[in-house]
Amino acid sequence: MDQQDRRNALSCGGCLVSAVGALTALLVWASSDRTRRHMGGGFEGEGTDYGAVLTELPLVALAGALVPAFACVLLVRLMRIFRP
């Protein structure tokens, strides 16, 4: 495997890890008690707070995508430093 193929494989792996991280973060956020309290607050939608969705959902998806991507970049950098 030449250098370009290895770089492409690492990039593809980073994108895959980032997508899985974003989906996992969204699923964890959606299943949390705090989110259930905001979204299913009461009878016929009383107490439903859509502001939580508008503010938290994009941030959760972004954090879920960026944290694994940052970890992948860090791993690649460490592999370059400690390569024999």
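The values are calculated or read from the model by the stated rules, or taken from the named source; none is laboratory data. All values derive from a computational prediction rather than experimental measurement. Cβ sites come from the backbone with ideal geometry, for glycine too, and all protein chains shown count toward neighbours. Only protein heavy atoms, including side chains, enter the accessible area calculation; ligands, DNA and RNA are left aside. Shrake-Rupley method; radii C 1.70, N 1.55, O 1.52, S 1.80 Å.
At-a-glance table
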quantity: The chain - percent relative contact order, Cα under 8 Å, separation 6 or more; calculated: 40 percent
quantity: Carbon and sulfur %, accessible surface of the chain computed with the full protein complex present, 1.4 Å; calculated: 70 percent
quantity: Once the Cα gyration tensor of the chain is diagonalised, semi-axes √(5λ) in Å; calculated: 39, 10, 8
quantity: Sparse-neighbour loop sites [GluC sites (Glu not before Pro); the chain; at most 14 other C-beta within 10 Å; DSSP]; calculated: Glu46
quantity: Computed lengthening from Phe70 to Leu23, 0.36 nm per intervening residue step minus Cα-Cα distance; calculated: 15.3 nm
quantity: Gain upon complete extension [Arg34, Val53; 0.36 nm per residue less C-alpha separation]; calculated: 5.7 nm
quantity: Loop sites in region 10-84: chymotrypsin sites (Phe, Trp or Tyr not before Pro), DSSP, at most 14 other Cβ within 10 Å; calculated: Phe82
quantity: Helix 3-30 axis, angle to the chain major axis (alpha carbon atoms, nearest 10°); calculated: 10 degrees
quantity: 0 to 90° range, to nearest 10: angle between helix 50-81 axis and the chain longest Cα axis; calculated: 10 degrees
